[in-house]
Amino acid sequence: MNIDLAVVPVAGRGTRLLPLTKSQPKEMLPVGRKPVVQYVVEELARCGMKRILFVTGPGKTAIENHFDIDAELITYLRESGKEEYLAHLSFEREDIEYFYVRQRRQLGLGHAVLCARRFVNGQCFVVALGDSILGLHERSRIVEVMIERFNATAAAAVINFEEVATEEIGEYGVALPKQQNAEVFELLDIVEKPDPERAPSNLAVAGRYVFSPVIFDALTETPLGKGGEIQLTDAIRQLIREGRKVIGVRMPPNERRYDIGHFESYFRAVVEFALADEQLGHRLRRYFGVEITNTPMK
Ligand code: G1P
């Protein structure tokens, strides 16, 4: 089945990044030379997505503006002899159609995905969190791999996971895998933000999902969970309890996930991307006296 539709929730308030996010969306924060959400869109385009539905909320119009084609800016750059900057706008020409729906009440990630139901209209689709960058060492193709797994296993959901340190596990949805240490595994359970001592594993949801539309039925029945919100994780758990197949895919060892949801991981991303910058990275590395061996992401 060809899946070319991605839902990108960007409605969260970014509370953990205040005051940075008081009047700008966390998805528009700079990492390297781009705002976070541009990496997400470029990754989705590479993985074959042709339609992106953003689930937005208050204060998020900068995201819509960013993906508009800015003819005035293009003309200005041409007419003022600044053609060299035009290359930085090439993302505007990605072969993608953009759509927007508002989450009118802040009821959490599960509710944000539910807002896409009418638009998705019975198709299988990808969910990519707008605050998570995948890659750096490699240009991530994990969504492609996840779609392959989804089609091969007739699963109701495929989710990517990254192993994280025990002290971080309470920030994420966490898998109970059937096969330990496997790259692809079946989920026996999934728990949203568990107490680290009780976490079923160190495998944290890393921001990409492929869903069959049955997720919407599960979401409709999902009661308020952690933080008084409708949790996507709880709806996935419901699918597992109904006996549906839910598959986990581990992030490849050469790939990282940069979670721009809180300061420590945001700072990590900012530093790593700056040090890996194609033009200025070597000077920064000399300035800070550090070595890195990775190939920067374009
Ligand atoms: C959300 C999900 C969580 C997932 C995380 C990934 O949490 O609820 O299961 O692991 O995204 O970033 P949030 O970061 O919105 O609190």
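The values are calculated or read from the model by the stated rules, or taken from the named source; none is laboratory data. The model shown is predicted, which means the values in this text are computed figures rather than measured ones. For neighbour counting, all protein chains shown are included, and Cβ atoms are generated from backbone atoms with ideal geometry for every residue, glycine included. When the accessible area is computed, the model is the full protein with side chains, heavy atoms only, and any ligands, DNA or RNA have been set aside. Shrake-Rupley method; radii C 1.70, N 1.55, O 1.52, S 1.80 Å.
If a residue counts only when it is within 25 Å of Val271 (Cα to Cα) and hydrophobic (A, V, I, L, M, F, W, C), which helices (runs of 4 or more DSSP H) contained entirely in the stretch 1-87 have at least 2 such residues?
Those helices (runs of 4 or more DSSP H) span 36-46, 61-66.
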| field | All positions within the stretch 140-175 that are under 14 Å from the mean Cα position of the chain (by Cα), charged (D, E, K, R) and in a strand (DSSP E or B) | value | Glu162
| message | I need every pair where a residue in the stretch 72-99 that is farther than 22 Å from Val40 by Cα has its Cβ under 6 Å from the Cβ of a residue that is open to solvent by 100 Å² or more (accessible area, probe 1.4 Å) and of a type in the set (Phe, Trp, Tyr), sequence separation at least 6 or different chains. | response | Leu77/Tyr85
| field | From the options Asp234, Asp195, residue that is surrounded by 21 or more Cβ atoms within 10 Å (Cβ to Cβ) and under 26 Å from Ile260 (Cβ atoms) | value | Asp234
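Let's see how each residue does on (1) within 12 Å of the ligand (Cβ to nearest atom); (2) modelled with pLDDT of 95 or more; (3) farther than 17 Å from Asn2 by Cα:
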site	(1), (2), (3)
Val120	no, yes, no
Gln123	no, yes, no
Val158	no, yes, no
Glu183	no, no, yes
Leu203	yes, yes, yes
| query | Taking the stretch 225-248 on its own, how many of its residues are more than 13 Å from the ligand (Cβ to nearest atom) and outside any helix (DSSP H, G or I)? | reply | 6
| said: Pull out all pairs, ordered by first then second residue, where Cβ-Cβ is under 7 Å, the residues are six or more apart or on different chains, the first lies in the stretch 107-132 and is part of a loop (DSSP other than H, G, I, E, B), and the second is within 12 Å of the ligand (Cβ to nearest atom) and among the basic types (Lys, Arg). | reply: Asp131/Lys26
| task | Would you check if Arg208 is within 19 Å of Met251 (Cβ to Cβ), of a type outside the set (A, V, I, L, M) and either surrounded by fewer than 24 Cβ atoms within 10 Å (Cβ to Cβ) or away from the ligand (no atom under 16 Å from the Cβ) (or both)? | result | no
